[in-house]
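Read through the structure below, which is laid out as structure tokens, and then see the notes.
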Number of protein chains: 2
Amino acid sequence: MPSAPPPSQDDPSTPPIRRRPGGRTSRIRTQVLDAVRAELGERGYDELTLDAVAARAGVHRATVYRRWRDVGGLLADLLDATGDDDWQPQDTGSLRGDLAALNHENLAALTARPSIAAALIAASFRSEEAARGLRRLWEDRYARCEVIVSRAVHRGELPPHTDARRLLIAATAPLYHQLLLLRTPPAAELPDHAATDAVIAATAGAFVTSPPADDD
Amino acid sequence: MPSAPPPSQDDPSTPPIRRRPGGRTSRIRTQVLDAVRAELGERGYDELTLDAVAARAGVHRATVYRRWRDVGGLLADLLDATGDDDWQPQDTGSLRGDLAALNHENLAALTARPSIAAALIAASFRSEEAARGLRRLWEDRYARCEVIVSRAVHRGELPPHTDARRLLIAATAPLYHQLLLLRTPPAAELPDHAATDAVIAATAGAFVTSPPADDD
């Protein structure tokens, strides 16, 4: 995935977390976090319990309680693990292509059935620990995406003082807004439209770090 | 308020719902919905119960159970009542001014303590009835905001085939994205930045109903 939450779990070709070399401890963590994802995706936050996670993971309840303590602990660790990958935004050769690819990844993650991304965002409205973990994950994802803007500046597509974060949020926010808040059906053209609109804005001088004195 | 959820409750100068002429039934509804807002703002969805609402409203429990049935029924009615006002977007004389005013209203509603807007959005992740009610409310608010775009077209600020909804979402989504999803501190310049960026995009030809063939 993208600037958004959990990428890899929705894509079976990449492991959900970087598997550290061997070790029973790391194996148990992988089993438990895989079980959290499955429970969260299938049943949602309300039904998430340490007992159900332990049973699905095939791990002793006592181990899960000792190491993760409660549902907040499980979600925080899941979010940390999700950020612990080597995801990078695609390099398509153009700003518009890069932003559209990012939006398509986000759309796929948010409309997967079940969507772990959507479930984690929903959980962040319930659990302070999930909210903190998700904030760290978003921050990391947007930071990784800044290369999209620096590449475009380097290619001469954008003025040098473009505010990368502001451009990235303009390009990605409409999709989250429509799918998660407005709950409109995901229109096929939404990822490309939002990317195109952000590129038009950026090349016309929006998102500059000191905005033009434009007081009309 | 704005394109967003509940406006008036955050502003004591306007009544939270249009008070229909007299009647015990409408008086009870007003008392109950005021109590729902207060409970939701102070305690959140998890603590919202019909008993607490009845006690705070000073209305018989049996009446509340008979008329609203459950928490979902209360939230759905609150959202309907919230939409039943005469809110209109401000007419400042310019597209940028109108969009900035809208964003400032949204920022105020989302950062009020307590914020009923934020509480209702959080509830929509929990309750299907709240989600449906909120979707109707957003739809109504964005429809009312389309006059911002038609006024700008009429003034010659925008090309005639501008997609009003797409422009409005581009102008308003970044603020919701940052406050509710990324949970970044609300920067003072955010409402104006998002409005300015959307105006730059729109005047440069973004948001047109048939987008330019731009396949770079």
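The values are calculated or read from the model by the stated rules, or taken from the named source; none is laboratory data. Here the structure is a predicted model, which means the values were calculated and not measured. Using ideal geometry, Cβ is built from the backbone for each residue, glycine included, and neighbour counts are taken over all protein chains shown. SASA here: full protein model, heavy atoms, side chains in, ligands and nucleic acids out. Shrake-Rupley method; radii C 1.70, N 1.55, O 1.52, S 1.80 Å.
Hey, got a sec? Which trypsin sites (Lys or Arg not before Pro) in the range A:138-216 land in a DSSP loop and have at most 12 other Cβ atoms within 10 Å? If you can, show how the numbers build up before the last one.
Numbers: sites: A:R141, A:R144, A:R151, A:R155, A:R165, A:R166, A:R183; in loops: A:R155, A:R183.
Taking the range A:138-216 and a limit of 12 other Cβ atoms within 10 Å, the loop trypsin sites (Lys or Arg not before Pro) found are A:R155.
In the context of the full set of protein chains, residues of the range A:103-169 present 40 Å² of accessible surface per residue (probe radius 1.4 Å, heavy atoms only). The Cβ shell under 14 Å around A:R67 holds other residues with a net charge of +3, Lys and Arg each +1, Asp and Glu each -1. D by Stokes-Einstein for chain B, Kirkwood Rh over Cα pairs, 4 °C, 1.567 mPa s: 70 µm²/s.
How high is the relative contact order of chain A? Use alpha-carbon pairs under 8 Å, at least six apart in sequence, and give a whole percent.
Working: 278 pairs, mean separation 52.5, N = 216.
It comes to 24 percent, rounded to a whole number.
Annotation for A:D51, label-to-label distances across the other copies: 2.4 nm (shortest first, one decimal, point 7 Å from Cα along Cα→Cβ).
Expressed in nm to one decimal, what extension gain is obtained for the pair A:A62 and A:D86 from 0.36 nm per residue of sequence separation less their Cα-Cα distance? The partial results should precede the final answer.
Numbers: separation 24, 0.36 × 24 = 8.64 nm, distance 3.21 nm.
Gain on stretching A:A62 to A:D86: 5.4 nm.
Between copies, the label points of B:D85, set 7 Å from Cα on the Cα→Cβ line, lie 4.2 nm apart, reported in increasing order to one decimal in nanometres. In this calculation the C-beta distance from A:V147 to A:T184 is compared with R0 = 22 Å, giving a FRET efficiency of 0.10.
Let me know the charge dipole size of the protein assembly as shown about its Cα centre in debye, to the nearest 20, where only the beta-carbon of Lys, Arg (+1) and Asp, Glu (-1) is charged. If you can, show how the numbers build up before the last one.
On the way: 52 positive and 60 negative charges, 365 e Å.
Roughly 1760 debye, rounded to the nearest 20.
Take each residue of peptide B:191-199, count the partner chain Cβ atoms within 10 Å of its Cβ, and average: the result is 5. Radius of gyration over Kirkwood radius for the range A:95-203, both on Cα atoms: the Rg/Rh ratio is 0.99. Heavy-atom accessible area for B:S115, with the other protein chains in place and a 1.4 Å probe, reaches approximately 10 Å². Pair-distance distribution P(r) for the protein assembly as shown, from all Cα-Cα distances in 10 Å bins starting at 0: 4, 21, 28, 24, 16, 6, 1, 0 percent.
If you put +1 on each Lys and Arg Cβ and -1 on each Asp and Glu Cβ, how big is the dipole of chain A around its Cα centre, in Debye rounded to 20?
1140 debye
Run through the range A:129-216 and list the GluC sites (Glu not before Pro) located in a DSSP loop whose Cβ has at most 15 other Cβ atoms within 10 Å. Intermediate values should be presented prior to the final figure.
Details: sites: A:E129, A:E139, A:E146, A:E157, A:E189; in loops: A:E157, A:E189.
Filter output for the range A:129-216: A:E189.
Sorted from closest to farthest, the other copies place their A:T25 label points 6.6 nm away, with each point set 7 Å from Cα along Cα→Cβ. Axis of helix B:24-43 versus longest Cα principal axis of chain B: the two differ by about 70°, to the nearest ten degrees.
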